[in-house]
Amino acid sequence: MAIDPQFTENREQVDSHQGHDVWGPVEEPEKLGIHGTHVAVDFDICLGDGACVEDCPVDVFEWVDTPDHPESELKADPANESQCIDCMLCVDVCPVDAIDVDAGRT
Ligand code: SF4
């Protein structure tokens, strides 16, 4: 299952983390929601593959520890989403389609 590109309509913003929004539901440690808005990562899909962290030309992503999450204990957090240049590389390389980038969404 890929990230829902309509998440801003289908989910509620429940928190913020490192300056970006978190879209619920969040029930730690098993459900972590979607982090970010312009650059959105569904933490409940992310496998911690790391391709986005390695390939992003402007270092938008930072690793965060997510102990006891069923998919992976590391997530790629869009900590610097305001730096995004909309190249779409992260969307293309993510093996599980956990990332959605929308230049019109802030
Ligand atoms: S779209 Fe490009 S610049 Fe933006 S987060 Fe993804 S890889 Fe980085």
Backbone N within segment 75-101 under 14 Å of label point (7 Å from W63 Cα along the Cβ vector) = 75-77
Counting only C-alpha contacts under 8 Å and six or more residues apart, can you give the relative contact order of the chain as a whole percent?
-> 28
Once a ≥ b ≥ c are taken as the square roots of the eigenvalues of the Cα gyration tensor of segment 1-45, is the result rounded (a/c under 1.5), prolate (a/b larger than b/c) or oblate (a/b not larger than b/c)?
-> rounded
Per the chain, cysteines lacking a partner by the 4.7 Å Cβ criterion | C46, C56, C84, C87, C94
Given unit charges at Cβ for Lys, Arg (+) and Asp, Glu (-), the dipole magnitude of segment 1-79 about its Cα centre in debye, nearest 20, is 200
Long-range amide H partners of A79, meaning residues 5 or more apart or on another chain whose placed amide H is closer than 5 Å, are E62
Alpha-carbon Rg with Dmax, taken over segment 7-93, Å | 12.1, 33
Vicinal HN-Hα couplings computed from phi for segment 20-32 (Karplus, 6.51 cos²θ - 1.76 cosθ + 1.60; Hz; Gly/Pro x) | 10, 6, 10, 9, x, x, 10, 9, 5, x, 7, 10, 10
Segment 58-106-segment 12-28 distance, computed between alpha-carbon centres (Å) | 14
Do any GluC sites (Glu not before Pro) in segment 21-85 lie in a loop, going by DSSP, with at most 14 other beta-carbon atoms within 10 Å of their beta carbon, and if so which?
-> E30, E73
Value of [θ]222 nm, deg cm²/dmol, for the chain, DSSP H segments ≥ 4, -39500 (n - 2.57) each, nearest 500 = -2500 deg cm²/dmol
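We did not get these values from a lab; they are worked out from the coordinates using the rules stated. What you see is a predicted model; the values in this text were computed from it and never measured. All Cβ positions, even for glycine, are placed from backbone atoms using ideal geometry, and neighbour counts span all protein chains on display.
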